[in-house]
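Here the structure is laid out as structure tokens; the discussion comes afterwards.
The values are calculated or read from the model by the stated rules, or taken from the named source; none is laboratory data. The structure displayed is predicted, hence computed values, not measured ones. We place every Cβ from the backbone using ideal geometry, glycine too, and count neighbours over all the protein chains shown. Accessible surface is based on the protein model in full, side chains and every heavy atom, while ligands, DNA and RNA are left aside. Shrake-Rupley method; radii C 1.70, N 1.55, O 1.52, S 1.80 Å.
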Amino acid sequence: MYQLRIYTIESKKNAQEYFDVHWTKHIVSLKKFNIEVCDVYMEDEPDSKNCYRVIALVMAENKASLLSSNEEYMRSQAFEEDMQGFDMSAIKNVEAINLNRKHF
């Protein structure tokens, strides 16, 4: 199961920090929760509210595993440590889109 996660973040500075610092930590920590990070991207241009989006493609064995593993991670000490020093109020929205992949 693949999931596209879209984080809308206030200001380029905050988005760049989240992208460069905190996602680097998430990549390592999420592996411990059986979630693989495939790719992480940051939008080049702001939206009308001067927010930027950080977009991650993650995967797990199946939908149930992805959801339960993510919930476990979000409640963990690892998540708390990964986000240390980041102003969580800068994250204005999080969207998760479940994806099915077609293998050719």
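What ³J(HN,Hα) values, in whole Hz, does the Karplus curve 6.51 cos²θ - 1.76 cosθ + 1.60 give for segment 30-45 when θ = phi - 60°, with x put for Gly and Pro?
Going residue by residue, I get 4, 4, 5, 10, 6, 10, 9, 8, 7, 7, 9, 10, 10, 5, 7, 10 Hz, with x marking Gly and Pro.
Could you tell me whether segment 43-104 comes out rounded, prolate or oblate from its Cα gyration tensor? Rule is a ≥ b ≥ c as square roots of the eigenvalues, rounded for a/c under 1.5, then prolate if a/b exceeds b/c, otherwise oblate.
Cα axes put segment 43-104 in the oblate bin.
For the chain, what does -39500 (n - 2.57) per DSSP helix run (n ≥ 4), summed and divided by total residues, give at 222 nm, in deg cm²/dmol to the nearest 500?
Theoretical 222 nm ellipticity from helices: -8500 deg cm²/dmol.
In Å², and per residue, what accessible area does the chain have when probed at 1.4 Å with the other protein chains present?
Per residue, the chain has 64 Å² of solvent-accessible surface.
Could you work out what % of the accessible surface of the chain is carbon and sulfur, using a 1.4 angstrom probe and leaving DNA, RNA and ligands out of the count?
49
Quick one: grab the alpha carbon gyration tensor of the chain, order the square roots of its eigenvalues as a ≥ b ≥ c, and give me rounded if a/c is under 1.5, else prolate or oblate depending on whether a/b is larger than b/c.
It is oblate, given that a/c is not under 1.5 and a/b is not larger than b/c.
From the backbone phi of segment 76-91, what are the Karplus-calculated ³J(HN,Hα) couplings (6.51 cos²θ - 1.76 cosθ + 1.60, θ = phi - 60°) in whole Hz, Gly and Pro given as x?
Those phi angles translate into 8, 5, 4, 5, 4, 5, 4, 9, 3, x, 9, 6, 4, 5, 6, 7 Hz.
Take the Cβ-Cβ distance between GLN84 and TYR2 as r, set R0 to 35 Å, and report the resulting FRET efficiency rounded to the nearest 0.05.
Using R0 = 35 Å, I get an efficiency of 0.80.
Using a Gaussian network model on the chain with a 10 Å cutoff between Cα atoms, which of MET83, MET59, MET74 fluctuates the most?
Judging by the Gaussian network model, the answer is MET74.
Length gain on complete extension for the stretch LYS12 to TYR41, per 0.36 nm per residue less the alpha carbon to alpha carbon distance?
Net length gain for the segment: 9.1 nm.
So what is the relative contact order for the chain, in percent, with contacts set as C-alpha pairs under 8 Å and at least six apart?
46 percent.
Going through the chain, which trypsin sites (Lys or Arg not before Pro) have at most 16 other Cβ atoms within 10 Å and a DSSP loop state?
Loop-located and lightly packed - LYS32, LYS49, ARG75, ARG101, LYS102.
Filter the cross-link list LYS32/LYS92; LYS63/LYS102; LYS49/LYS102 down to pairs whose alpha-carbon distance in this structure exceeds 25 Å.
Too far apart for the 25 Å limit: LYS32/LYS92; LYS49/LYS102.
Please identify which residues in segment 7-28 have an amide N closer than 15 Å to a label point set 7 Å out from the Cα of ALA96, following the Cα→Cβ vector.
7-8
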